[in-house]
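Q: I have a structure here, written as structure tokens, and I will follow up with some questions on it.
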Amino acid sequence: MNTSIRKRWSHYLILVVAIIVINFFLPRLLPGSPLKSLVGENPGDLTAAQKMGILDAYHLNDPMWKQFLYYLRDLFALNWGNSYSKRQPITDLIISRTGWTLLLAGSNMILSTLIGTALGAWSAFRRKKKKDLSLVISTTILDSIPSFWMAVILLAVFGVKFGWFPIYGAYSMWENHTGFHKIVDILHHLALPLFTMVVTSLMSFFTTSRYSVLQILNEDYVKLAKMRGIPKGRITVWYVMRNTLVPVFTLFMMDVGYLLSGSVLIETVFTYPGLGTLMQEAVKARDYPLIQYTFLLASLLTIAALFLSDVLYDRIDPRLEVQEDE
Amino acid sequence: MNKKIAGIGFGMLILITVIAVLAPWLAPYNPYTDMTATYLKPSAEHLLGTNDIGQDIFSELLYGARTSLAIGFLSAAISIVIGSIVGMLSGWYGGIVDRFLMKVTAFFMTIPFLPTVIILSAFTKPGPVTTSVILGVMSWSGTARIVRSQILSIKNKEYIQTIRGMGASDGYILSRHVLKELLPFFMYRASARVRAGILSESSLSFLGLGSPVVKSWGTIIYYAQAKNALLTDAWVWWILPPGLCIILISCALTMITYGAEEKIDRRLEHS
């Protein structure tokens with residue numbers, strides 16, 4: 001047990017180190033002068049002395065290994081440099097954005113898991129067939145809708161046309177709501193992006209839960225329990241749902257990695273002020289330092305989430321002993 | 001039932017492929033060079049109107065099928081080739097090769113997909129080939145794991161053991177017999193990967209990371225959104241159709257996988 005946790009620690013640690021190293025080398029692999037990636041597309045406007053000054057300030061005239069040490073120092077000191085498109089320290093920008101992403105992506109994770117699993121189980125209890133044409137058709141279509149496209153369409157219909165929901169942002173910028181009104185305002189802004197995300201991500205939970213419930217319903221111990229006259233509700237909860245938890249949680253674990261991925265697209269459509277929008281704005285402005293550090297943070301958050309669910313996995317199902325290497 | 005669904009899926013895919021190949025002859029205009037008035041509403045001359053620089057949107061859609069399919073197939077090919085080589089070596093040789101390759105696979109599995117793809121695209125010159133390579137390199141890990149487990153079971157089959165005992169070389173067995181056994185699996189995997197490639201390409205293009213000089217369904221939506229098509233009714237003919245095209249081809253590919261899944265299941269039953 002201890003060795004397996006240590007082994008997983010090392011796996012994630014290697015991953016973190018690799019990402020930090022990639023993050024160092026990527027901008028240095030860019031063709032052309034590093035100035036372009038530091039101050040924008042027009043380094044030609046600067047005088048030679050200014051250019052040297054900038055190169056010195058970023059230690060770019062030092063040997064590679066020294067640059068790497070400086071990079072590590074700045075990384076851990078949270079001194080991530082400035083975004084030239086936004087003219088702000090990158091750390092400030094990122095800190096103010098992370099909360100919104102966690103709110104959106106976190107609520108989506110919880111809601112899509114719960115709703116998807118419940119719907120899947122419900123459909124399995126209702127029709128105990130494995131193949132169901134109308135279900136196959138609807139899941140195929142739902143599964144094929146690109147999330148960003150659905151977001152755009154919902155925004156056009158319910159945001160612009162009907163005006164039921166705000167069309168951008170996470171809160172009303174020009175009004176000063178407090179207390180309860182503030183919460184309502186934030187939820188109002190959250191509704192449409194969250195709805196899109198939930199609808200486009202619950203499909204996998206639906207199919208997994210439906211399939212595993214159908215399978216468990218055919219197990220001998222469930223049939224025996226029925227024969228023994230155990231109440232239906234009790235069988236549903238203790239015999240069936242408890243065992244569906246494992247495949248559902250496995251899926252949850254796999255999806256945690258995509259948590260931020262989905263968020264990038266949806267946030268962009270709704271101009272939701274999270275990390276995803278920041279990353280997209282950075283890409284659009286070719287603001288390389290900002291792209292780099294949003295990537296770094298997004299990756300670290302993803303890895304942290306994966307690690308957390310990995311550790312939780314053992315708690316959920318005690319039958320799962322992590323296999324030692326042969 | 002699955003066979004029928006797969007058949008319909010195949011039919012749809014072939015139809016879309018034919019349209020993509022024949023796009024220059026089918027399209028009423030050349031969406032790259034023919035430019036007329038901008039922001040036209042749909043009419044007999046322009047079925048879906050024109051975009052912000054006066055290109056015919058319907059022709060853009062037909063040409064977009066080429067890009068989406070090309071990137072889908074190329075990225076799938078790259079991902080499956082890498083995945084199968086890694087999986088085969090890993091499963092066939094075992095031992096330290098296996099342990100090392102599976103470490104690398106686990107690494108690619110946990111690295112966050114979209115942020116990594118975004119940063120790689122941002123730091124390279126955009127183009128269909130670059131995009132396909134990035135998507136392929138970032139998506140082979142699942143294939144590698146499945147191929148490895150398939151190899152492990154094939155490896156111990158009696159006839160493989162027999163020809164091995166008769167002195168057949170590894171290269172011969174792997175290329176002549178093991179590949180043959182894996183063929184239905186590749187079919188299934190390929191359509192799933194092509195589908196994922198097409199969806200990822202459209203997401204990337206939608207984020208503005210596609211090549212600005214190549215038409216794809218994602219880039220059409222990107223420009224429509226950038227030009228605020230949402231605020232007018234233009235989204236109905238500018239954003240809706242490319243999305244429906246993506247859904248159509250994605251459905252076709254999913255339907256093909258249904259057929260292949262059944263084939264694999266049946267083989268598992270008989271073995």
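Q: Return the residue satisfying two criteria in turn: it lies in segment B:230-240 and is under 16 Å from B:Glu60 (Cα atoms) and touching a helix residue (DSSP H, G or I) at 6+ places or on another chain (Cβ under 6 Å), and of such residues it is farthest from the other protein chains (Cβ to nearest Cβ).
A: Looking at residues that are under 16 Å from B:Glu60 (Cα atoms) and touching a helix residue (DSSP H, G or I) at 6+ places or on another chain (Cβ under 6 Å), I get B:Trp238.
Q: Here is a check on your reading of the model: is A:Leu260 within 30 Å of the chain's Cα centre (by Cα), without any contact (Cβ under 8 Å) to a residue 60 or more places away in the chain and assigned to a helix (DSSP H, G or I)?
A: Taking the combined requirement at face value, the residue does not satisfy it.
Q: Moving on. Quick one: how many residues across segment B:16-35 are surrounded by fewer than 13 Cβ atoms within 10 Å (Cβ to Cβ) and in a helix (DSSP H, G or I)?
A: Total satisfying the criteria: 3.
Q: Any idea how many residues of segment A:54-77 are surrounded by 12 or more Cβ atoms within 10 Å (Cβ to Cβ) and either at pLDDT below 80 or assigned to a loop (DSSP other than H, G, I, E, B) (or both)?
A: Here the count works out to 6.
Q: Exactly one of (1) more than 14 Å from B:Ile71 (Cα to Cα); (2) modelled with pLDDT of 90 or more; (3) of a type in the set (A, V, I, L, M, F, W, C) is unmet by B:Ile151. Its number?
A: Here B:Ile151 meets the rest and fails (2).
Q: Provide a single number: the residues in segment B:1-23 that are without any contact (Cβ under 8 Å) to a residue 60 or more places away in the chain and within 13 Å of another protein chain (Cβ to nearest Cβ).
A: Residues meeting the conditions: 2.
Q: If you don't mind, another one. In this structure, is B:Gly87 small (Gly, Ala, Ser), in contact with a Lys or Arg (Cβ under 7 Å, 6 or more places away or on another chain), crowded, with 17+ Cβ neighbours inside 10 Å and within 14 Å of chain A (Cβ to nearest Cβ)?
A: No.
Q: Exactly one of (1) surrounded by fewer than 14 Cβ atoms within 10 Å (Cβ to Cβ); (2) at pLDDT 85 or above is unmet by B:Gly171. Its number?
A: The number of the failed condition is (2).
Q: Also: In segment B:42-60, how many residues are without any contact (Cβ under 8 Å) to a residue 24 or more places away in the chain and on the phi < 0 side of the Ramachandran plot?
A: Of the residues in that region, 7 qualify.
Q: Right, another one. Pull up segment B:196-209, narrow it to residues that are in a helix (DSSP H, G or I) and facing chain A (nearest Cβ under 8 Å), then point me to the one that is farthest from the chain's Cα centre (by Cα).
A: Taking the candidates together, the pick is B:Phe206.
Q: All but one of (1) surrounded by fewer than 16 Cβ atoms within 10 Å (Cβ to Cβ); (2) modelled with pLDDT of 90 or more; (3) small (Gly, Ala, Ser) hold for B:Gly94; which doesn't?
A: Looking at each condition in turn, B:Gly94 falls short on (2).
Q: Additional query: Scan A:Met203, A:Met227 and give me the residue that is surrounded by fewer than 17 Cβ atoms within 10 Å (Cβ to Cβ) and at pLDDT 80 or above.
A: A:Met227
Q: Restricting attention to segment B:99-115, does a residue exist that is more than 13 Å from chain A (Cβ to nearest Cβ), under 17 Å from B:Ile146 (Cβ atoms) and modelled with pLDDT of 90 or more?
A: The answer is yes, given that some residue of segment B:99-115 is more than 13 Å from chain A (Cβ to nearest Cβ), under 17 Å from B:Ile146 (Cβ atoms) and modelled with pLDDT of 90 or more.
Q: Working only within segment A:69-119, note down all residues that are of a type in the set (Lys, Arg) and touching a residue at least 60 places away in the same chain (Cβ under 8 Å).
A: A:Lys86, A:Arg97
Q: Let me ask another. Report, by residue number, each residue of segment A:265-308 that is in contact with a strand residue (DSSP E or B) (Cβ under 9 Å, 6 or more places away or on another chain), outside any helix (DSSP H, G or I) and more than 10 Å from chain B (Cβ to nearest Cβ).
A: If the condition is that a residue be in contact with a strand residue (DSSP E or B) (Cβ under 9 Å, 6 or more places away or on another chain), outside any helix (DSSP H, G or I) and more than 10 Å from chain B (Cβ to nearest Cβ), then A:Ala285 is the only one that fits.
Q: Also, I was wondering about something else. Sort through A:Val152, A:Val160 and tell me the only one that's closer than 20 Å to A:Asn108 by Cα, among the aliphatic types (A, V, I, L, M) and in a helix (DSSP H, G or I).
A: Among A:Val152, A:Val160, only A:Val152 is closer than 20 Å to A:Asn108 by Cα, among the aliphatic types (A, V, I, L, M) and in a helix (DSSP H, G or I).
Q: Of the residues A:Ile95, A:Ile90, which is at pLDDT 80 or above, within 23 Å of A:Glu281 (Cβ to Cβ) and in contact with a Ser or Thr (Cβ under 9 Å, 6 or more places away or on another chain)?
A: A:Ile90
Q: Run B:Phe58 past the list (1) among the aromatic types (Phe, Trp, Tyr); (2) modelled with pLDDT under 85; (3) assigned to a helix (DSSP H, G or I); (4) over 24 Å from the mean Cα position of the chain (by Cα) and report the number of the one that doesn't hold.
A: (4)
Quick grid of which residues meet (1) in a helix (DSSP H, G or I); (2) at pLDDT 90 or above; (3) loosely packed, with under 13 Cβ neighbours inside 10 Å:
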position	(1), (2), (3)
B:Gly167	no, no, yes
B:Leu179	yes, no, no
B:Ala192	yes, no, no
B:Ser211	no, no, no
B:Tyr223	yes, no, no
B:Cys251	yes, yes, no
B:Ile264	yes, no, no
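The values are calculated or read from the model by the stated rules, or taken from the named source; none is laboratory data. Remember, predicted model here, so these are calculated numbers, not experimental data. All Cβ positions, glycine included, derive from the backbone under ideal geometry; neighbour counts span all protein chains shown.
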